[in-house]
């Protein structure tokens, strides 16, 4: 691969942005997996119908 | 703006509470669900609108994505594999059912928050410390 392309500022910032997106999506995914596994439910109906 | 639109429905509840004695907790949870669901869809729409300068393209793409998020749980009707369960879980429609019944499920609230969070944090603006808006 072209060496100048790897060192280019644009490539660096694109890599930062990609890493940023991956980290945020990973946090969201893990939070959802944990939330689905350890679900807590509060039934506000008067006779606890659900 | 959405909250103001939602506030117009409060008039119905004014009469309901004046002439009746309804349980206020399911009503409050229903409103919370609507606010969270709208927040998720608005966050997606705000993010999509930063990808293009054309408002019509942004509106159409947001409509398409939000429509897709509404119908994603249809896939669980004819498929039970893991990928279908994941797709079904990503549907915003399925996460509103418990709120509508007056049940506060932590997974549904967390789902909406985790849609609002990336949608907001990827969008440049004064609220965003990572991707700052144009000064």
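At-a-glance table
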quantity	calculated
Label-point separation, residue B:71 to residue B:3 (7 Å along Cα→Cβ), nm	3.3 nm
Translational diffusion coefficient (Stokes-Einstein; Kirkwood radius from C-alpha pairs) of the protein assembly as shown at 10 °C, 1.306 mPa s, in µm²/s	83 µm²/s
Between 0 and 90°, nearest 10: helix B:10-19 axis offset from chain B longest Cα axis	10 degrees
Estimated 222 nm signal from helices in chain B, with DSSP H stretches of n ≥ 4 weighted -39500 (n - 2.57), rounded to 500	-21000 deg cm²/dmol
Fewest-first ranking of B:70, B:122, using other Cβ atoms within 10 Å as the exposure measure	B:70, B:122
Residue-averaged [θ]222 nm for chain A, counting only DSSP H segments that reach four residues, each worth -39500 (n - 2.57)	-23000 deg cm²/dmol
Rg to Rh quotient for chain A, alpha carbon positions, Kirkwood Rh	1.48
For B:16, B:5, B:90, order by how many other beta-carbon atoms lie within 10 Å, fewest first	B:5, B:16, B:90
Nearest-ten-degree value, helix A:9-37 long axis tilted from longest Cα axis of chain A	20 degrees
Cα-based shape type of chain B, given that a ≥ b ≥ c are square roots of the gyration tensor eigenvalues and the cut on a/c is 1.5	oblate
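Readers should treat all values here as calculations from the given coordinates under stated rules, not as data from a laboratory. All values reported here derive from a predicted model rather than from experimental measurement. As a convention, Cβ positions derive from the backbone with ideal geometry for all residues, glycine included, and neighbour counts pool all protein chains shown.
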